[in-house]
1. Looking at A:A94, is it within 14 Å of chain B (Cβ to nearest Cβ), under 30 Å from A:V133 (Cα atoms) and modelled with pLDDT of 90 or more?
2. Restricting to segment A:235-270, what's the tally of residues that are within 27 Å of the chain's Cα centre (by Cα) and either more than 18 Å from A:L223 (Cβ to Cβ) or of a type in the set (A, V, I, L, M, F, W, C) (or both)?
3. So how many residues does segment B:25-55 have that are among the aliphatic types (A, V, I, L, M), facing chain A (nearest Cβ under 7 Å) and over 24 Å from A:N10 (Cα atoms)?
4. Taking A:I150 as meeting all but one of (1) in contact with a Ser or Thr (Cβ under 7 Å, 6 or more places away or on another chain); (2) among the hydrophobic types (A, V, I, L, M, F, W, C); (3) part of a loop (DSSP other than H, G, I, E, B), write down the number of the exception.
5. Could you please find all residues in segment A:369-393 being surrounded by fewer than 13 Cβ atoms within 10 Å (Cβ to Cβ) and part of a strand (DSSP E or B)?
6. What residue, among those in segment A:100-135 that are more than 25 Å from the chain's Cα centre (by Cα), assigned to a helix (DSSP H, G or I) and hydrophobic (A, V, I, L, M, F, W, C), is nearest to the other protein chains (Cβ to nearest Cβ)?
7. Is there any pair with a first residue in segment A:330-344 that is farther than 13 Å from A:V497 by Cβ and a second that is surrounded by 19 or more Cβ atoms within 10 Å (Cβ to Cβ) and among the aromatic types (F, W, Y) whose Cβ atoms are under 6 Å apart and which are 6 or more apart or on different chains, and what are they?
8. Specify which of the listed residues (A:N188, A:N156, A:N214) is out of contact with any strand residue (DSSP E or B) (no Cβ under 9 Å at 6 or more places or on another chain) and assigned by TED's automatic domain parsing to the domain that holds A:K260.
Amino acid sequence: MILKNVVQKNSYYDSATLMLLSSKVGQHIGSTKQVAVMMGSDMNKDIMRASGLLGPEGEAANPNDLVFAIQAETEAIIEEALAMAQEILNSRSAKMEQQDTQVVKTVADAAARLSDPKLAVVSLPGKYAVREVKKLLRENCHVLLFSDNISCEDENTLKDMALERDLLMMGPDCGTAVINGVGLGFANKLRRGNIGLAAASGTGLQEVMSLISNFGGGVSQALGTGGRDLKDVIGGKMMGHCIRLLQDDPDTQVIVVISKPPAPSVMENMLEQLKQSQKPTVVCFLGGDESMDAQGLYLVHTLEEAACKALELAATGCPQELLDGHGALAAMAKSLRDRLGSQQSDIRGLYCGGTLAYESMLLMGKALGDVHSNIALESRLLLDGTAPSVGHTVLDLGDDAFTVGKPHPMIEPSLRGERLLQEALDPATAVILLDVEIGYGSHENPASVVAEEISQAKAVLAEEGREVVFVASICGTYEDMQDYAAQKTLLEQQGVVVLESNAQAAELAILTVSR
Amino acid sequence: MEQKLFGGSLSVINLGLPSFYDDLKRQGATCLHVDWTPPAGGDVRLIEILDRLEELG
């Protein structure tokens, strides 16, 4: 094996672009583990060193230098990979330059050129993001902060600055919002309507708003807070602001709130605020305490129920049609079970969306008992993500354990491939449960990626003379650019059972293994 | 400062992932992309010192 490092001085690219680039070049030369294209920060150098990809040239790189680190059998393969990487970066730069009338150098330039109201989507590395967000807030811009690795202290400072100015500061680690019909981050093309949502959960928000839109309702505004907002340390301050905005918005007639259970003190204040509302309010605290005092509010337990209840209260769409989907599941499960051997007993959930993984883990736990997971609430059920699965298992593949130095699986779903094959080959696996995210920000054709992986797994299983049941749901709308119907067809051609919601997919998996 | 967010148009500034900017353009949103590079050559300590000087100034 030959290792080569090439350093391009003073040449900044964002990490997500580089992770996707590394992944593409790696796939081209046959191993994603042998290619890293990264900025020369200390943390990146640690990652490259640990992977055996850092040579003396890379060691000497500065944080503003771009490092190409490639390992291959021959010099020719390395040169080919380098040429490919350069070509992708050059085409990206050329594309941005063509649009130069809309590309500016500083936050101040951008703010001066746009009219109010302004909102900034910030996805810079966490260590640089805070100072830019402060500048934006001083320019009276609302902010969606996608970046993570932001301290609680900084989160509080930014949110306090925003609230003093009556601005939104959604995040950190906020992936999704739709404001005045504009999708921000990972978002979906929605029908406009009278249901307003506030969520401390990215894919949870996407699932509920997409189901509302797909089943005939419409969304006025969809706001995010970032997952940490409802913890004691932040105190739910941005959720409180989001709820106030929706309560005061004349176009919002029904409110939906989605999150994991807030900290007790935060929950008390939040419920009090919601109970004051003149508008019907649906509350979905995934895994929340059934006995909490939520008089006057509509408590639901799944994301699908949140969408159905909102549609019903808004007197729009056809919630019953969505609920009716559950009616056929028992018969479907019976016929799927006939294809399984007696040893096949376990569900393996492989998720790109964190909240969807969490919802399935809860539903499976309630119906089947222990569910192991890298996001388990009980320490005895916690699974180191990279370790083999045990019994019923649900993995959130967007968790840090899987994504260090790699793009998030909603952007690059091929990261699921290796694990999918591993689970399919486990003799205990009965059902593999999946999610496919579509919409803005997501991969351009995610179903084709997973369909190819399933096809390969099925070929190996066929040699062993057995089958595994694949069940999936597509999180997104019928209007999304990836074409929902075409994505569904790609999955169904591989024998995947595709259902309208994650809750239905999880229920079918549960019924299939319940003998 | 009172600033009405809902009900009208929205201008969006993108700072970071170019793909988010591409999706804003695709939607026909009014948007600008900031071609951001780390200040002070990415040296976080030096950035902190610059910020402190700016605050003092």
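The values are calculated or read from the model by the stated rules, or taken from the named source; none is laboratory data. Because the structure is a prediction, the values reported are computed rather than measured. Counting neighbours? That spans all protein chains shown, and the Cβs are built from the backbone with ideal geometry, glycine included.
1. It is false that A:A94 is within 14 Å of chain B (Cβ to nearest Cβ), under 30 Å from A:V133 (Cα atoms) and modelled with pLDDT of 90 or more.
2. 17
3. The qualifying residues number 1.
4. Every condition holds for A:I150 apart from (1).
5. none
6. A:A110
7. From residues that are farther than 13 Å from A:V497 by Cβ, there are no pairs.
8. The conditions single out A:N214.
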